[in-house]
Amino acid sequence: MDQKERILQYLADHRHVSGKELRDFLGISRQALHVHLRQLILSGKIARIGSTRSARYDLAARAASPATLSREIPLAGLDESAAYEEVATLLNLPAALPRNVEAIMRYAFTEMLNNAIEHSGATAARIRIELAAPTVSFGIRDRGVGAFASIASKLDLDTEETAMVELLKGRTTTRPEAHTGEGIFFTSRTADRFVLRSHRIQVEWSALDGDVFVSKRRFIEGTHVRFLIRRSTQRRLEDVFGEYAPAEFDYQFGTTRLFVKLLRRSYVSRSEARRLLANAEKFREIVLDFRQVESVGQGFADEVFRVFATRHPEILLRAENTNKVLDAMFHHVRNG
């Protein structure tokens, strides 16, 4: 039985347990316990009750029933801020949530609802907000044209998969005169779990794993977004903005992270590199995350780390989560 299973078993036999009690029972450090509790809270198996110093833990199934609000709302002429104020008042979110969490909820909900209002082409959307003991979450579902299909059509891209990659870079919008294209990028970074699903594509951001997952699902009409954050998180909206729009960039959105694995796990050609870096010149810093990428060819590596880097010397290009095979190829083209 691993430590998380032991925690669940102990909570099944005891109510409202303190962190110290769990540490004494397991014989582990405060830091080790925090890791296990965080994973159990994010998975919805246990609930945290109270503030940091007096926090208690219990099985989520025994915690107070979540407060939920679900309704269908017309999108024509809708003000997303007014819609948030209404649901926040009904659920008493400003009093129920810490200030940093309520600020994140306000930002994420209004950004995602605005997307439905201005981009979906749908007449209505169904919203659902749930205030549970450990978390607060919302979902927004429309039956419009679909997020990836809309971007592919309006930006003349060949597939919805290509549109997905463009969307994940950030600063991609079909209405540049009215939007910066930053909403989904920053919303995904403020969440503990954020899911964007449209047609057959689902993208999931996980703060627990620090990763993005893409999967093919049953076809659905339109777009469905789901957002979840722990009520105990210390994350602040201004810190997320500061990471990708720092002072040295005049607080402009200038940094992006590209998860290279989203297109494929092995790359060979220059055309694949150009596809990955299409429109990337709008950023000042690009972090290429190579986790789970097995290999790259010389043409791909040369196009990224010599051709693109030479063409855009003002852009800082960084590779992270590489392996020895990738490092050798990158070193070869950089020094060739």
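What number, rounded to the nearest 500 deg cm²/dmol, is the helix-based mean residue ellipticity at 222 nm of the chain, given -39500 (n - 2.57) per DSSP H run of at least four residues and division by all its residues?
-11000 deg cm²/dmol
Give me the net charge of Arg218's neighbourhood, meaning all other residues with Cβ under 14 Å from the Cβ of Arg218; Lys, Arg count +1, Asp, Glu -1.
Working: positive: Arg197, Arg200, Lys216, Arg217; negative: Glu221.
With Lys, Arg at +1 and Asp, Glu at -1, the neighbours total +3.
Skipping prolines and chain starts, which residues have an amide H placed within reach, meaning under 5 Å, of the one on Leu316, given they are 5 or more residues away or on another chain?
Glu285, Ile286
Going by how many other Cβ atoms sit within 10 Å of their own, how do Ser188, Ser295, Ser206 line up, fewest first?
Numbers: Ser188 24, Ser295 13, Ser206 16.
In increasing order of surrounding Cβ atoms, one gets Ser295, Ser206, Ser188.
If we restrict to alpha carbons, what Rg and Dmax does the range 201-336 come to, in Å?
Just the Cα atoms of the range 201-336 yield Rg and Dmax of 17.0, 51 Å.
Whole angstrom only: what separates the Cα centroid of the range 54-124 from the Cα centroid of the range 255-279?
Answer, in whole Å: 35.
Treat each spin label as a single point 7 Å out from the Cα along the C-beta direction, and report the Arg306 to Glu86 distance in nm.
Going by the 7 Å Cα→Cβ label model, 6.0 nm.
Principal axes first, then extents: for the Cα atoms of the range 254-334, list largest minus smallest coordinate on each axis, whole Å, largest first.
Largest to smallest, the principal-axis extents are 28, 21, 21 Å.
Based on other C-beta atoms within 10 Å, arrange Ser150, Ser18, Ser198 from fewest to most.
Working: Ser150 21, Ser18 13, Ser198 29.
Ordered by Cβ neighbours within 10 Å, fewest first: Ser18, Ser150, Ser198.
Whole number please: convex hull volume per residue of the Cα set in the chain, in Å³?
166
Show me the ranking of peptides 325-335, 94-104 by mean Cβ neighbours inside 10 Å, starting with the highest. Before the final figure, lay out each step's value.
Numbers: 325-335: 14.2, 94-104: 15.9.
Sorting 325-335, 94-104 by mean packing, highest first, produces 94-104, 325-335.
Could you give me the ³J(HN,Hα) list for the range 125-136, computed from phi with Karplus coefficients 6.51, -1.76, 1.60 and θ = phi - 60°, whole Hz, x at Gly and Pro?
With the stated coefficients, the range 125-136 comes to 9, 9, 10, 9, 10, 10, 9, 9, 4, x, 9, 10 Hz.
Sort all Cα-Cα distances of the range 3-62 into consecutive 10 angstrom bins from zero, then give the percent of pairs in each bin up to the one containing the longest distance.
All Cα pairs considered, the percentages come to 24, 66, 10.
What area, in nm² and to one decimal, does the C-alpha convex hull of the range 67-239 cast on average over all directions?
Details: hull surface 38.6 nm².
The Cα convex hull of the range 67-239, projected and averaged over all directions, gives 9.6 nm².
What does the charge dipole of the range 222-336 about its Cα centre add up to, to the nearest 20 debye, if the Cβ of each Lys and Arg holds +1 and the Cβ of each Asp and Glu holds -1? Don't skip to the end; give the middle numbers.
On the way: 20 positive and 15 negative charges, 107 e Å.
For the range 222-336, the charge dipole is close to 520 debye.
Pulled fully out, how much extra length does the chain show between Arg56 and Glu314, if you take 0.36 nm times their separation in residues and subtract their Cα-Cα distance?
Working it through step by step, the gained length comes to 87.8 nm.
For Asp239 and Ser269 in the same chain, what is the full-extension length gain: residue separation times 0.36 nm, less their Cα-Cα distance, in nm?
Values: separation 30, 0.36 × 30 = 10.80 nm, distance 3.75 nm.
In short, 7.1 nm is gained.
Which of Ser215, Ser43 comes first, and how do the rest follow, when ranked by fewest Cβ neighbours within 10 Å? Could the numbers behind the result be given before it?
Working: Ser215 10, Ser43 13.
Fewest to most other Cβ atoms nearby, the residues stand as Ser215, Ser43.
For Lys154, give me every one of the lysines with a C-alpha distance below 28 angstrom, ignoring sequence neighbours fewer than eight places off in its own chain.
Lys169, Lys216, Lys261, Lys282
Of the options Ala125, Tyr107, Ser70, report the single residue whose Cα projects farthest towards the positive end of the charge dipole of the chain (beta-carbon charges: Lys, Arg +1; Asp, Glu -1).
Result: Ser70.
FYI, it's all coordinate maths here, none of it is from the lab. Values in this document were obtained by computation on a predicted structure and should not be read as measured data. Note that each Cβ is placed from the backbone with ideal geometry, even for glycine, and that neighbours are counted across all protein chains shown.
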